[in-house]
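One structure below.
What follows draws every value from the coordinates through simple rules; no lab data is involved. Everything numeric in this text was worked out from a predicted model, so none of it was measured. Neighbour counts are summed over all protein chains in view; Cβ atoms, including those assigned to glycine, are modelled from backbone coordinates with ideal geometry.
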Amino acid sequence: MAEFLLEALSEEIPARMQKRAAEEFSQIFTSELEKVGLAHEPANCFVTPRRIALNIDGLPLQQSTVVEERRGPRVDAPAAALDGFMRSNNISRDQIEERETKKGRFYFVKIETKGKLTKDVLPAIIETSLKKFAWPKSMRWGCNSFRWVRPLHSILAVFEAEVLHGELDLGHDKLVFTNMTTGHRCCGAEKISVDNFAGYQDQLRKARVIIDRNERKRLIQEEAKKLADAKKLRLREDEALLEEVAGLVEWPNILMGSIDEEFMEVPSEALISAMRSHQKYFSLETLDGSLAPYFITVSNMPSDSTRDATIVVGNAKVLRARLSDARFFWDQDLKSKLDERVLALSKINFFDKLGSLGDKSERLQKLVPTICEFIGLDNVNGAVKAARLAKADLSTMMVSEFPELQGVMGGYYASADGELPEVCRAISGHYAPLGPTDACPSEPLTITISIADKIDTLVGFFAINEKPTGSKDPFALRRAALGIIRTILENKLRIPLKQLISKSLDEYPHLTDSNELLDFINERLKVYLRASGVQPDLIAANFEAGKEDDLYRLIMRVKALEELLASDDGANLLIANRRAANIVSIEAKKDKADFIGTPDPKVFELAEERALFAVLTELEKQVGDLIIKEDFQGAMKALASLRLPLDNYFENVIVNSENNNIRQNRLKTLSLVGKIMNQVADFSLIEN
């Protein structure tokens, strides 16, 4: 067994591509190893701004010998057939044996192919893997046809401490495999010779390169927190920014700079966006959660007090220009009231066939009273006002520069205009939740605008047949549906979605159909529930039983069914119900008739029949009343009382009596079992 090390050194790889590149290149390479029968330990792939490195330990020195048995012609075939078989397999007569098979007596030969040395196989695998890997965006350079994310400089390929003999054909130029690499571009440019991974990692560290991405992330976070602690501040957590910055540096040097006080009156979200999106700076907070006048920047140069001071001053100077822009946008936007900006929305296109943002604003204003009625919100005027202003900040300079601040800045501008605090909060929060981990709105006014915005978007795009397909969802309709689902469930809201969709569709006079939307929302609900640990068959059972469009009521049904089936009575009742349904189904096919109707008590012969019918008669009304009251747990508990009489029935009653009148009466009894149980859920869809 031996160790293999590969490195592709290039110009700077975009940070957003690095993590995926490491994962996918590792998969491609190990897949190629498996194709040629080379067993291996798990591959370790590393990526920095300038290199992708792959290390695999435990590779065999040689491929395994392969023995293949081949069948030749029949023994009684002409001699020419046997000669041809021997020539094609390069064998002699003494290597052939005769063997009897079901189809007669044939010639057989065993061909033994000795495995190649691994060092002779690897060069082709390296070239194939490099050429197979597809970057999201790639380029050619010079006169070469080979594509890579950025121009490649060298290929380091070492196996068993020796350089592999091979090259990567770029189309015009060639990169001969070597055991040489270089360190940090600015302070480790001299060539480094390596013969194993440990030496590679150690020498690169001495040359100011940390190849482990997770180590760079940890170092950035730990050092940034130390600087924050020294000022009695907190580092603002930002995992996405941390991922990006770790992909920008090979040797992180964490520094702190200050923000001029004159900028601190600008909303903190605007300052954070300016620092984050343009400069890749981390923000700091005071202990009470407000933005502190400091920032963290990560340099790609080794620490040096003089140089560090220069870097901080330079970064602060650049940041000052960025924040000056943000302050200018803020000051200019405040010169017009948010209400005055609503007119400008008519000039901004929402989507073809769906009108302008002004049209969307009008639709929201007409839709929110219906949602207010559903959730019991009395402040209809406040909801209409928030709906009118919700999109107005899209015409501001600040949101034009920082689109991620939509809604947030609207809340600030509304507050500056003297709007009610709950209206301002509704404007700020109506886009939420933006993702599966984002908090849902909890204030009634914000909930109203949030649901109205999302349902209008869903209805509109479905009505013009712009639905998600496969993995493509360019208008984030799955996210909108999930946002509605989470908002309803987390706030325990009772909203009839059919009515809401119908009301929203009324605002599209030229559109008539959105029948698939409720099914789409229900499918997203199933995904959400499965992710929460609910069995898919329990979800399906309740969907079919109630044809629900009240999501919270559906959840109550699902939870009640879960509790029932978790009990011994429930599990046994499910088995008995399935047996009853199977018997009725089989006999219905035989008779080509159903057995709907109330069984006749006068035909009962056995006490078990009378006992089961008595329980069924009582349950039919009791379960119906409990469902009307939405006491689904009570309905499930009531069904559990069926277990004992149903078990006794199957133990002592022969359903298929020779007397056809008795037989049909007993089948009606079993059919009644299914009818009553299916009021609560479609038990036939439950798999386990």
Item to check | Under 25 Å from the Cα of LYS391 - lysines, other chains or at least 8 residues apart | outcome: LYS335, LYS337, LYS347, LYS353, LYS360, LYS366, LYS454, LYS467, LYS503
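Kindly provide the GluC sites (Glu not before Pro) of segment 107-189 that DSSP labels as loop, not H, G, I, E or B, and whose Cβ sees at most 16 other Cβ atoms within 10 Å.
Details: sites: GLU112, GLU127, GLU160, GLU162, GLU167; in loops: GLU160.
Here the GluC sites (Glu not before Pro) that fit, given the DSSP loop and packing criteria, are GLU160.
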Checklist entry - In a shell of Cβ-Cβ distance under 13 Å around GLU608, excluding GLU608 itself, what net charge do Lys and Arg (+1) and Asp and Glu (-1) give? => result -2
Checklist entry - Pairs LYS131/LYS206; LYS191/LYS280; LYS19/LYS226; LYS35/LYS526: which exceed 29 Å Cα-Cα? => result LYS131/LYS206; LYS191/LYS280; LYS35/LYS526
Next on the checklist: Can you give me the distance in nm between label points at SER532 and THR113, each placed 7 Å from the Cα along the Cα-to-Cβ direction?
Outcome noted: 5.5 nm
Checklist outcome for this item: Note, HIS165: beta-carbon cut-off 10 Å, +1 each Lys/Arg, -1 each Asp/Glu, net -2
Item to check | segment 181-251-segment 583-631 distance, computed between alpha-carbon centres (Å) | outcome: 72 Å
Next on the checklist: How big is the dipole moment of the chain about its Cα centre under a simple scheme where the beta carbon of each Lys and Arg is +1, that of each Asp and Glu is -1, and everything else is neutral? Debye, nearest 20, please.
Outcome noted: 1240 debye
Item to check | From the coordinates shown, P(r) over Cα pairs in 10 Å bins from 0, in percent corresponds to which of [x] 3, 11, 14, 14, 16, 15, 13, 9, 5, 1, 0; [y] 3, 14, 24, 26, 20, 10, 2, 0; [z] 3, 13, 19, 20, 19, 13, 7, 4, 1, 0 | outcome: [x]
Checklist outcome for this item: Of the candidates THR487, ILE52, GLN95, the farthest towards the positive dipole end of the chain (Lys/Arg Cβ +1, Asp/Glu Cβ -1, centred on the Cα centre) is GLN95
Next on the checklist: Cross-link candidates for LYS174: which aspartates and glutamates have Cα within less than 18 Å, leaving aside residues fewer than 8 places away along the same chain?
Outcome noted: GLU7, GLU11, GLU127
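Going highest first, how would you order 463-473, 675-685 by mean Cβ packing within 10 Å?
On the way: 463-473: 12.3, 675-685: 19.7.
By packing density, highest mean first, the sequence is 675-685, 463-473.
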Checklist entry - Once amide H atoms are built 1.01 Å from N in the peptide plane, which residues 5 or more positions from SER356, or in another chain, come under 5 Å H to H? => result PHE350
Checklist entry - Near ILE211, within a Cβ-to-Cβ distance under 12 Å, what is the net charge of the other residues, with Lys and Arg +1 and Asp and Glu -1? => result +1
Next on the checklist: Within segment 378-417, list the residues whose amide N lies under 20 Å from a label point set 7 Å along Cα→Cβ of ASP260.
Outcome noted: 398
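Peptides 73-85, 519-531, 549-561: what's the order by average Cβ count within 10 Å, highest mean first?
Peptide ranking by packing, descending: 549-561, 519-531, 73-85.
Determine the calculated [θ] at 222 nm for the chain from helices alone, applying -39500 (n - 2.57) to every DSSP H run no shorter than 4 residues and normalising by the residue count; nearest 500 deg cm²/dmol.
Computed ellipticity for the chain at 222 nm equals -16000 deg cm²/dmol.
Mind checking the full-extension length gain between SER502 and GLU687? Use 0.36 nm per residue of separation minus the Cα-Cα distance, one decimal, nm.
Values: separation 185, 0.36 × 185 = 66.60 nm, distance 3.45 nm.
Computed gain between SER502 and GLU687 is 63.2 nm.
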Checklist entry - To the nearest Å, what is the center-to-center distance of segment 444-498 and segment 253-314, using C-alpha atoms only? => result 37 Å
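Fewest first, what order do LYS391, LYS191 take by the number of other Cβ atoms within 10 Å? Please list the in-between numbers first.
On the way: LYS391 25, LYS191 11.
Lowest count first: LYS191, LYS391.
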Checklist entry - So, in nm, how far is label LYS472 from label SER442 when the simple model puts each one 7 Å beyond its Cα toward the Cβ? => result 4.0 nm
Item to check | Approximate spin-label separation SER10-PHE328, in nm, with each point projected 7 Å along Cα-to-Cβ | outcome: 3.7 nm
